[in-house]
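**Student:** I'd like to ask you about the structure that follows.
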Amino acid sequence: MARVVLEGIRKTYPNGFKAIHGVDVEIEDGEFLVLVGPSGCGKSTLLRMIAGLESITEGQLSIGDRPVNNLEPSERDIAMVFQNYALYPHMSVYKNMAYGLKIMGLSKAEIGERVKKAATILELTDEQLTRKPRQLSGGQRQRVAMGRAIVREPSVFLFDEPLSNLDAKLRVQMRLEIKTLQASLGITSIYVTHDQVEAMTLGHRLMVLNAGNVEQLGTPIELYQRPASLFVAGFIGSPAMNFAEARIDSMGKTITISGQEALPLGDGGMAEHGGKDVILGVRPEHLELVAEAPDAVPMTVTMVEQLGADTLVHGHFGESRSDLTVRLEGIRNIKGGEVLPIRVSPDHLHVFDPKTERRLS
Amino acid sequence: MLKNVHFGPSVLPFLLVLPQIVVTLVFFIWPASQALYQSLLLEDAFGLKSEFVWFRNFEALVSDPLYWHSFKITIVFSFLVAFLSMSFALLLALFADRVIKGSGAYRTLLIWPYAVAPVTAGALWVFMFNPTLGIVSYALSALGYEWNHQLNGEEAMGLVVMASAWKQVAYNFLFFLAGLQSIPKSLIEAAAIDGAGPIRRTFDIVLPLLSPTTFFLLVVNIVYAFFETFGVIHVVTSGGPAGATNILVYKVFSDGFVGLDLGGSAAQSVILMIMVIGLTVIQFKYVEKRVAY
C-alpha cells in the first residue's frame, strides 16, 4: 500500500525528443489512476518511467514516501502487467508466478502458498498451473500475468494496456475482473489505455495525456461533464462530441452558430466573454429531436446507425454544412435525406477558446 | 488448404527442373554411387586390376586401430570446435545485443572471418604459430613456453581447433544475434521487475529461449567440423604430427590419394556419408520439434 507522487516528471530522449513535458500528480493509497490518450501521447513512457524501465530525465518520483528515481525496477516494490503479458514461454504457469518469489529468496512452502492464493483469486485450476503459457487461451494468459503481479504483493500495480490483445467480449469481462480485484486488494494501481471506455469504467481518476502534456486530471464524471480542453472533450465520450464555430453576443447571454437562431447560454450567461468567437461543443446524447420549434436546428440526415438501445443519426446543418451526430434513445425510423428539427439543451453546452483550445467558463 | 491448380501436360516444368537434376546427378549422385561401388573393390598394388571383395574393406577398417584413433580425435576435434566457436560467438552476440550505436559496423566486422577461405584461414594461423617465424610462438617463447605444433600432437590439435573455430565464430554469431533479437524485450523487462539481474536473466530467460538456435548451430557446427575443416587441416598440419590431427575426412584423402588405398578410402567416405545423413535427419526432425519450449 503506498502513495505514488510525481513531481515535475519530464522525459527527454538522447536524440532530443521530449516525450513527457512535466507531470505532477499525487496518487492516493489504494487509488486507481488511469493514464489515457492516443498512441504516442507518452502514457506508456510515463508508466515505464514509474516502473523503472525508462530513466527519469527530470523531476522526483516517490513510491510510499520513498524517492525511487535511481532504484532498480525490482527495488521499487511494484508489479507490472504487460500488453503482451510477457510470460516466460519455457516455464510452466506455476513457475512463471514463482520466479520473482524465488529471486526474493522465499522458502518453497511460502512460494507455494502465495501462488496457490493468487491462483484461487484468479480461478486458475491446479491443472492449469502445470501448463505452459502457449497452452492457455488469451484470457487465461491475462490471468496468469495478473497472478504474477499479485504474488509479489507489491505496493503498486502497473498495467500497460493489458486488455488490448483480447477480443471484445473477453475485454469487457476482464475489465470487470480487474476492477473487482483492485477494489478487493486495495492496491494502488496505475493503468495505461487508449480506450476511453476502459478508462471511464476503471479509473477513480483519469489523467488525459496529449503529446506529453497533461490535458486534464479528474474523475471520469468531471472529465465528461466539464472537459478542460477541446482535446479532452473530443477524446472522452462515444460517439465524440459535436463541435461548431459560434459567436457569443456582446452581452454574453446567447450564443449563435452562423446562420442559426441564437441559443440562450445557461447559468446566467458568460458576460466576461461577450462578443467573442468560440467553439461550441455539444455531446450527441444532449441533442434532442423536437417538434418544429423556433430555436431548433434543421439537420439533414446522411446516415443512420441502429444500435438497438440507441440510434445514432449522422448528418449536417447550416450553410457550412457542419457535421453533427445525434444519439437518440431506442429504435427510430429515420432515413437518410430527412431533415430533422434538433434542439440543444442549454445546460449541456461546452464553450472553448479557439486559440488556446481551453474551456471558457 | 492449398488450392490445387491443374495445368495441362507440358514439358516446361521438366525443363525448369532439368538443370538442378543434372547438377545433382553429375556432382552428387554419380560420385556417391562411385564411392559406394568402390568401397566394395580391392585395387592391386599397381592399379592394374581390381577385385570385388564385398565388405572386406569395411572389415579391415573396423579392425584397424588407426581408424579408431582417427574416429576418436574427430569426436574430440568436433566437440572442441563446436564448443569453442559457439560459446565465443554467444558471448560476442550477448555483448553486441546491448550495443546500439554503430552496431552495423560492429556486425559487419564480425562477419568477415566467415568470408575467408579455409585454406587462407589455415595459412594465417600457421604463420602466426610457426615455431621459428610466428609472432605468437615468439611471444610464447618470451613467456617461457616453447610452442611447436609440428612436433607436439596436442599443440597441433589446439591449433587446428583454434583455426577452425575462429572461422565459424562469425556464422554462429549471426545466428545467435538474430536469436537474441527475436526474444521479446518485455520478457527481459518482466524478469527485471521480478528482480533478476543481467546475469541471472541471461541464464534463466535468454539462454532457454535461445535453445532452438543453439541446437541448430550445434548440428551445423558438428557437420562443419566433420567435413569442412579439410582445408584448415591440410594447410596447418596435414594430419600430423604422427596422425594427431588426422580426422576422418582428412584420412579419406590421405589414405585414398596419398596412400592409394582407393577401396579403403571409399569405404571410409561411405561411413562419413551415413553419418552426415544421420545428422541431417536429426536436424530436420528435431530442430523444430524437440527444443521448442
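The values are calculated or read from the model by the stated rules, or taken from the named source; none is laboratory data. What you see is a predicted model, and the numbers here were worked out from it, not measured in a lab. Don't worry about glycine lacking a Cβ; one is built from the backbone with ideal geometry, like all the others, and counts go over all protein chains shown. To get the accessible areas, we keep the full protein, side chains included, count just its heavy atoms, and leave off ligands, DNA and RNA. Shrake-Rupley method; radii C 1.70, N 1.55, O 1.52, S 1.80 Å.
**Student:** Which pairs have Cβ atoms under 7 Å, sit 6 or more apart or on different chains, and link a residue in the range A:156-180 that is in the same structural domain as A:Met80 (by the TED database) and open to solvent by less than 40 Å² (accessible area, probe 1.4 Å) to one that is assigned to a helix (DSSP H, G or I) and among the polar types (S, T, N, Q)?
**Tutor:** A:Asp160/A:Ser44; A:Pro162/A:Gln142; A:Leu166/A:Gln142; A:Met174/A:Gln142
**Student:** Still on this model: Find the strands (runs of 3 or more DSSP E) located wholly in the range A:21-95 whose residues include 2 or more that are more than 30 Å from B:Pro212 (Cα to Cα) and away from chain B (no Cβ under 14 Å), and list them. Don't jump to the end; show me each part of the working.
**Tutor:** Numbers: elements: A:32-36, A:58-63, A:78-81.
Ranges flagged: A:32-36, A:58-63.
**Student:** Then there is this: Quick one: in the range B:173-206, of everything that is closer than 14 Å to B:Leu90 by Cα and open to solvent by 20 Å² or more (accessible area, probe 1.4 Å), which residue is farthest from the other protein chains (Cβ to nearest Cβ)?
**Tutor:** B:Leu174
**Student:** To continue, here is another question. Does B:Ile222 qualify as being surrounded by 20 or more Cβ atoms within 10 Å (Cβ to Cβ) and within 14 Å of the chain's Cα centre (by Cα)? Let's see the steps before the verdict.
**Tutor:** Working: surrounded by 20 or more Cβ atoms within 10 Å (Cβ to Cβ): yes; within 14 Å of the chain's Cα centre (by Cα): yes.
Against the criterion (surrounded by 20 or more Cβ atoms within 10 Å (Cβ to Cβ) and within 14 Å of the chain's Cα centre (by Cα)), B:Ile222 qualifies.
**Student:** Here's another thing I want to ask about it. Can you give me the ranges of the helices (runs of 4 or more DSSP H) entirely in the range B:103-220 with at least 2 residues that are in contact (Cβ under 8 Å) with a residue 40 or more places away in the chain and out of contact with any Leu (no Cβ under 7 Å at 6 or more places or on another chain)? Walk me through it before giving the result.
**Tutor:** Working: elements: B:103-115, B:118-129, B:135-142, B:153-181, B:185-193, B:198-201.
It comes to B:103-115, B:118-129, B:153-181.
**Student:** Residues in the range B:153-163: is at least one modelled with pLDDT under 80 and buried (at least 16 other Cβ atoms within 10 Å of the Cβ)?
**Tutor:** Step one: list which residues in the range B:153-163 are modelled with pLDDT under 80, which gives B:153.
From what is left, the residues that are buried (at least 16 other Cβ atoms within 10 Å of the Cβ) are B:153.
Scanning the range B:153-163, I find at least one residue that is modelled with pLDDT under 80 and buried (at least 16 other Cβ atoms within 10 Å of the Cβ), so the answer is yes.
**Student:** When the residues of the range A:101-127 are filtered to those that are outside any helix (DSSP H, G or I) and closer than 15 Å to A:Val144 by Cα, which remaining residue is most open to solvent (accessible area, probe 1.4 Å)?
**Tutor:** As a first pass, look at the range A:101-127 and keep what is outside any helix (DSSP H, G or I): A:105-107, A:122-125.
Still in the running and closer than 15 Å to A:Val144 by Cα: A:122-125.
Details: A:Leu122: 8, A:Glu123: 139, A:Leu124: 16, A:Thr125: 69 Å².
Looking at residues that are outside any helix (DSSP H, G or I) and closer than 15 Å to A:Val144 by Cα, I get A:Glu123.
**Student:** In the set B:Phe55, B:Phe71, which member is closer than 20 Å to B:Tyr224 by Cα and of a type outside the set (Val, Ile, Thr)?
**Tutor:** Values: B:Phe55 fails: closer than 20 Å to B:Tyr224 by Cα.
Matching residue, one of B:Phe55, B:Phe71: B:Phe71.
**Student:** From B:Val276, B:Val252, which residue is touching a helix residue (DSSP H, G or I) at 6+ places or on another chain (Cβ under 8 Å), part of a helix (DSSP H, G or I) and open to solvent by 40 Å² or more (accessible area, probe 1.4 Å)?
**Tutor:** Working: B:Val252 fails: open to solvent by 40 Å² or more (accessible area, probe 1.4 Å).
Unique residue meeting the criteria: B:Val276.
**Student:** Cβ-Cβ below 6 Å, separation at least six or inter-chain, first residue in the range B:58-72 and hydroxyl-bearing (Ser, Thr, Tyr), second surrounded by 12 or more Cβ atoms within 10 Å (Cβ to Cβ) and part of a helix (DSSP H, G or I): which pairs?
**Tutor:** Filtered contacts from the range B:58-72: B:Tyr67/B:Leu61; B:Ser70/B:Leu248; B:Ser70/B:Lys251.
**Student:** Condition (residue is within 21 Å of B:Gln168 (Cβ to Cβ) and within 21 Å of the chain's Cα centre (by Cα)) applied to the range B:187-210: is it met by at least one residue? Outline the logic, then answer.
**Tutor:** Looking only at the range B:187-210, we keep the residues that are within 21 Å of B:Gln168 (Cβ to Cβ), and these are B:207, B:210.
Now narrow it down to the ones that are within 21 Å of the chain's Cα centre (by Cα): B:210.
Within the range B:187-210, one or more residues are within 21 Å of B:Gln168 (Cβ to Cβ) and within 21 Å of the chain's Cα centre (by Cα).
Yes/no matrix, rows are residues, columns are (1) open to solvent by 10 Å² or more (accessible area, probe 1.4 Å); (2) free of Cβ contacts under 8 Å to residues at least 24 places away in the same chain; (3) in contact with a helix residue (DSSP H, G or I) (Cβ under 9 Å, 6 or more places away or on another chain):
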site: A:Gln216; (1), (2), (3): yes, yes, yes
site: A:Pro227; (1), (2), (3): no, no, yes
site: A:Ser238; (1), (2), (3): yes, no, yes
site: A:Ser250; (1), (2), (3): yes, no, no
site: A:Gly266; (1), (2), (3): yes, no, yes
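**Student:** Give me the residue from the range B:207-219 that is open to solvent by 10 Å² or more (accessible area, probe 1.4 Å) and within 12 Å of chain A (Cβ to nearest Cβ) and, out of that set, nearest to A:Phe159 (Cα to Cα).
**Tutor:** Filtering first and then ranking leaves B:Leu209.
**Student:** So which residues in the range A:333-361 are open to solvent by 70 Å² or more (accessible area, probe 1.4 Å), in a loop (DSSP other than H, G, I, E, B) and either free of Cβ contacts under 8 Å to residues at least 24 places away in the same chain or farther than 30 Å from A:Gly308 by Cβ (or both)?
**Tutor:** A:Asn333, A:Lys355, A:Thr356, A:Glu357, A:Ser361
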